[in-house]
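Engineer: The structure under discussion is supplied below as structure tokens; questions concerning it will follow.
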């Protein structure tokens, strides 16, 4: 009933979760820690109950918990708020209810950059753990081709060189690189205009 996607930020864990739901023909509910928190006492537990009640009506469904460590992190911290503890307990109880029903087609899919910050009880409930790592040179080349597919590039644009020069870049980093590169000519033009002395 639980799968954990973990790895560096920007590697496409959220995109992978959406693709999984599409391929499985399942509905998709995405939540974060802030989705279930409230300034009103007791509302967090109500929101958690409502989430699982809605999911049971929507099944088959994948409940995607982004940054799951912020919602279900290790318990017992000195700064842990009582409302957070109650919300976590309610979430875990509802999750256990799913695990006891074999015909309940609801999957909890968590994503995190910090798997070691998760509570031990959460780790046990996520038996399938998948590492989503940084792309290699070949996959960086594929990502760059997708990102630049609609751009007017030179016919001999060297995708291989760019892919090899961006070792350690995530998919998100490559996207930001392309955006920054697109703005570079504009920045250079503005800098040139500043150097021009306007006649009085």
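Engineer: At a Förster radius of 41 Å, what calculated FRET efficiency corresponds to the Cβ-Cβ distance of residue 156 and residue 18, to the nearest 0.05?
Structural biologist: Rounded to the nearest 0.05, the efficiency is 0.70.
Engineer: A further question follows. With a 10 Å Cβ neighbour count serving as the proxy for reagent exposure, in which order, fewest first, do 186, 68 appear?
Structural biologist: Sorted ascending by nearby Cβ count, the order is 186, 68.
Engineer: For 146, 62, 31, which order do you get if you count the other beta carbons within 10 Å of each Cβ and list the fewest first?
Structural biologist: 146, 31, 62
Engineer: What does the extension gain come out to for residue 194 and residue 138, with contour length at 0.36 nm per residue minus their alpha carbon separation?
Structural biologist: 16.0 nm is the gain from fully extending residue 194 to residue 138.
Engineer: Shifting gears a bit: At R0 = 41 Å, how high is the FRET efficiency between residue 43 and residue 146 if r is their beta carbon distance? Nearest 0.05 is fine. Provide the component values of the computation, followed by the final result.
Structural biologist: Working: r = 42 Å, r/R0 = 1.01.
Once rounded, the FRET efficiency stands at 0.50.
Engineer: Rounded to the nearest 0.05, what FRET efficiency do residue 120 and residue 32 give with R0 = 22 Å and r taken as the Cβ-Cβ distance? Could you check?
Structural biologist: That gives a FRET efficiency of 0.50.
Engineer: Give me the percent of DSSP beta bridges within the chain that run antiparallel, rounded to the nearest 5.
Structural biologist: Among the beta bridges of the chain, antiparallel pairing accounts for roughly 5 percent.
Engineer: Still on this structure: What length, rounded to one decimal in nm, is gained on full extension from residue 96 through to residue 181, with 0.36 nm per residue of separation minus their alpha-carbon distance?
Structural biologist: Values: separation 85, 0.36 × 85 = 30.60 nm, distance 4.88 nm.
My answer for the length gained is 25.7 nm.
Engineer: Quick one: grab Rg to one decimal and Dmax as a whole number for segment 137-194, Cα atoms only, in Å.
Structural biologist: 12.8, 41
Engineer: With mean projected area of the Cα convex hull in nm² in mind, check (1) 18.3; (2) 12.2; (3) 10.5 and report the label derived from this structure.
Structural biologist: Computed from these coordinates, mean projected area of the Cα convex hull in nm² corresponds to label (1).
The numbers here are math on the coordinates, done by the rules we state, and not lab data. On a predicted model such as this, the values are computed, not experimentally measured, just so you know. Positions of Cβ are generated from backbone atoms using ideal geometry, with glycine treated the same way; all protein chains shown enter the neighbour counts.
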